[in-house]
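Below you will find the structure I want to go over with you.
The values are calculated or read from the model by the stated rules, or taken from the named source; none is laboratory data. Here the structure is a predicted model, which means the values were calculated and not measured. Ideal geometry is used to build each Cβ from the backbone, glycine not excepted, and the neighbour counts take in all protein chains shown. With ligands, DNA and RNA removed, areas are computed over all heavy atoms of the protein, side chains included. Shrake-Rupley method; radii C 1.70, N 1.55, O 1.52, S 1.80 Å.
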Amino acid sequence: MDDLTIDDRFHLLLHKKIMNKTGSAKRRSKKYYKDQYKRTGIIPAPLLLVEKGIMEGRKCSGRPRAIDEQTKRRFIEIVKASCEPSSQGFIFITQKARTIKNYHYWLEQELGRPISLPALRRCVKRENLKFYLEKEDEQDQAPVIHAFKSVAVFALIQIDGCKFQYLRIRDEHGNWQKPQVIEIFDTGSRKMFILDFYFTESSLNSVDLFTRFLLSTPFPLQKIGIRPDQAKGFLNLQRPINAINLKHSTPQGFYLAPDFSRVYSPKDKAHLESSHRSLHNFEIRIIKAFEDRIVKTVTEYDFKRGKKEKITVTLLDISLQELRSSTMLSEYRNEHNHTQHYFTEDGVVSAWVPAQKFDAFLSTLADTLNFTPDQVQEYMKYGYNKIKATVSKNRTIRHDKRDYYVTSGADKFSKHKSTPVKISRYKDKLFIFEPGEDGILLGEAIAKKPFDRPPEPEPSPVPPDELDTIIALLEKHNMAVDRPVLIEVYHKGLTLARVAQVLDHNQSRYADYIKKINQPDNRRNQALFNAFMLDCQKSLNTNHVATYASHGDIT
């Protein structure tokens, strides 16, 4: 970003600001910022906030909403009442006359004060009132669709899970549970990008498969529709998708357009539902492959189209990890992708091989976007469960009877009032997110004191940041790290390279210092850390006096 000219930087930030807008809102915003830039020659402040991931300038500035809660409630009431002939809350209005300008006029007359028309338009979008505005006077039955509509490759990527019906395996607690497969599927070519076994459609599992999809797929520099299911774990994908667009989207280039399926609308992902029927047949292959691990069979019931059907479920004494390592799922995916299938599009039956159609599309591209492991691993932080919290004006968080200090992204939080956020806890660290459904990662916080926990057997899915590495390095040198003190110096510019430099330069002096201290190990380690902090502050050329300096030397 720093290497761009001011014109290029303006156009890139303008694209990121308006990329999620549509229609007149997008045109008006684009014209407004272009006029501002043309008149002043300075990039407007709301566009500069986009670099920090702050998309809503009103919230950032602390301004209240343009319409109050009473106005919003009354507006919603009359919109809903006006489309029901039997309602007594407002007169019935024909669908063609249900315009926001009409409601705006009636609200101003009823409440006796001016009301912002753009704010009402935003309220319609935020409260999903478009359904009532467009509700027909007489609901006619929708025509039956007998064929899929054709779409281009990469025009729509679908994500959904499919729970197995005919087998159960043991979970991590030894209980019998049905596994399920989460799948990412290209609608245009019918290619299965990636699919894997899980027990739940949790946020962590969804983000795990999504990041693997990013790593394994070259993306065209165009608008790419992506349609996850409405499961809670998939809804969480709004956050990493928004973060990816903020970081990698360009004007007329790469952009992930989220298009989530509607609730209770399987037709929105009918291609994937059709694919899942074949996946249920694949279950029998798994039972046959592990027939020597069959414990027993039980009778259960399945309900399809309101009918109760008796089925036999097989219990296999295997774990999810064994099922993954069997490579049966990858063989199933390769078989689907490299075999000719017959598909119906626009009422015409055609045959093609998914992988060939997908590769033919890629061969026409002049350039593609490929994600690196370092870029993708950062998005794993979005997978942990999120709860509401507050960052105080002192940049601290109180959570679960512990104090946490914001270590990265502290400049994104106000020094004058508390900031509402959402947090995810991982070990003794908090990941801090914007409170919205598509809120991006704002920063991280670390506990005042480390947790006493045994080491985890599996490698961490989240890489340690610079401060974590510094703490581990100091503890390796037998220092009792006082985290608040270290964080304070870290915010003043302390880096891992400078820490290594100070340790290397003063190693012999520290060894002599420790020999002179006749105290228990914990006091000696604390004194060594205090001495190291003083050396770091001198190295940073600051006049700051550490909090421990008032206690005097430990001898």
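Check L237, L256, L272 and return the single one that is of a type outside the set (F, W, Y), in contact (Cβ under 8 Å) with a residue 60 or more places away in the chain and in contact with a helix residue (DSSP H, G or I) (Cβ under 7 Å, 6 or more places away or on another chain).
Answer to the selection: L237.
Failed condition for L235, given (1) farther than 30 Å from G174 by Cα; (2) surrounded by fewer than 18 Cβ atoms within 10 Å (Cβ to Cβ); (3) hydrophobic (A, V, I, L, M, F, W, C), with all others met?
Single failed check for L235: (1).
Against the condition outside any helix (DSSP H, G or I), surrounded by 15 or more Cβ atoms within 10 Å (Cβ to Cβ) and in contact (Cβ under 8 Å) with a residue 60 or more places away in the chain, how does Y382 come out, does it pass?
On the way: outside any helix (DSSP H, G or I): no; surrounded by 15 or more Cβ atoms within 10 Å (Cβ to Cβ): yes; in contact (Cβ under 8 Å) with a residue 60 or more places away in the chain: yes.
No, not satisfied.
Being touching a Phe, Trp or Tyr at 6+ places or on another chain (Cβ under 7 Å), open to solvent by 60 Å² or more (accessible area, probe 1.4 Å), over 26 Å from E322 (Cα atoms) and among the basic types (K, R) narrows it down to one of K267, K223, so name that one.
On the way: K267 fails: touching a Phe, Trp or Tyr at 6+ places or on another chain (Cβ under 7 Å).
Among K267, K223, only K223 is touching a Phe, Trp or Tyr at 6+ places or on another chain (Cβ under 7 Å), open to solvent by 60 Å² or more (accessible area, probe 1.4 Å), over 26 Å from E322 (Cα atoms) and among the basic types (K, R).
Further, regarding this structure: Looking at (1) at pLDDT 90 or above; (2) assigned to a strand (DSSP E or B); (3) among the acidic types (D, E), find the lone condition where E283 falls short.
Among (1) at pLDDT 90 or above; (2) assigned to a strand (DSSP E or B); (3) among the acidic types (D, E), E283 violates only (2).
I'd like to know if the range 348-356 contains one or more residues that are over 23 Å from the mean Cα position of the chain (by Cα), in a strand (DSSP E or B) and among the hydroxyl-bearing types (S, T, Y).
Pass one, the range 348-356, residues over 23 Å from the mean Cα position of the chain (by Cα): 348-356.
Remaining after also requiring in a strand (DSSP E or B): 348-352.
Narrowing the set further to residues that are among the hydroxyl-bearing types (S, T, Y) leaves 350.
Scanning the range 348-356, I find at least one residue that is over 23 Å from the mean Cα position of the chain (by Cα), in a strand (DSSP E or B) and among the hydroxyl-bearing types (S, T, Y), so the answer is yes.
Follow-up question, since we're still on this one. Could you list, in sequence order, all residues of the range 81-90 that are open to solvent by 80 Å² or more (accessible area, probe 1.4 Å) and among the hydroxyl-bearing types (S, T, Y)?
Here is the first cut: in the range 81-90, the residues open to solvent by 80 Å² or more (accessible area, probe 1.4 Å) are 85-86, 88.
Hit for the range 81-90 is S86, nothing else.
What's the total number of residues in the range 8-42 that are hydrophobic (A, V, I, L, M, F, W, C), more than 12 Å from S249 (Cβ to Cβ) and not in a helix (DSSP H, G or I)?
Residues that pass the stated criteria total 1.
If I filter the range 297-334 down to residues being within 14 Å of Q177 (Cβ to Cβ) and touching a helix residue (DSSP H, G or I) at 6+ places or on another chain (Cβ under 7 Å), which single residue comes out as surrounded by the fewest Cβ atoms within 10 Å (Cβ to Cβ)?
Per the stated criteria, the residue is D317.
Turning to a different aspect of this structure: Looking at I159, I169, I226 in this structure, which one is more than 17 Å from the chain's Cα centre (by Cα) and either outside any helix (DSSP H, G or I) or modelled with pLDDT of 95 or more (or both)? So that I can check it myself, show each step before the final result.
Numbers: I159 fails: more than 17 Å from the chain's Cα centre (by Cα); I226 fails: more than 17 Å from the chain's Cα centre (by Cα).
It is I169.
Moving on. If you scan the range 197-210, which residues turn out to be assigned to a helix (DSSP H, G or I) and open to solvent by 10 Å² or more (accessible area, probe 1.4 Å)? I'd like the intermediate steps shown before the answer.
As a first pass, look at the range 197-210 and keep what is assigned to a helix (DSSP H, G or I): 203-210.
Residues satisfying the conditions are S203, L204, N205, D208.
Only residues that are under 19 Å from D468 (Cβ atoms) and open to solvent by 10 Å² or more (accessible area, probe 1.4 Å): list them for the range 428-443, please.
Once the filter is applied, which keeps residues that are under 19 Å from D468 (Cβ atoms) and open to solvent by 10 Å² or more (accessible area, probe 1.4 Å), the range 428-443 yields D428, K429, L441, L442.
Return the residues of the range 281-296 that are touching a residue at least 24 places away in the same chain (Cβ under 8 Å) and open to solvent by 70 Å² or more (accessible area, probe 1.4 Å); say none if nothing qualifies.
Filtering the range 281-296 for residues touching a residue at least 24 places away in the same chain (Cβ under 8 Å) gives 282-287, 289-290, 293.
Across the range 281-296, the qualifying residues are I284, R285, R293.
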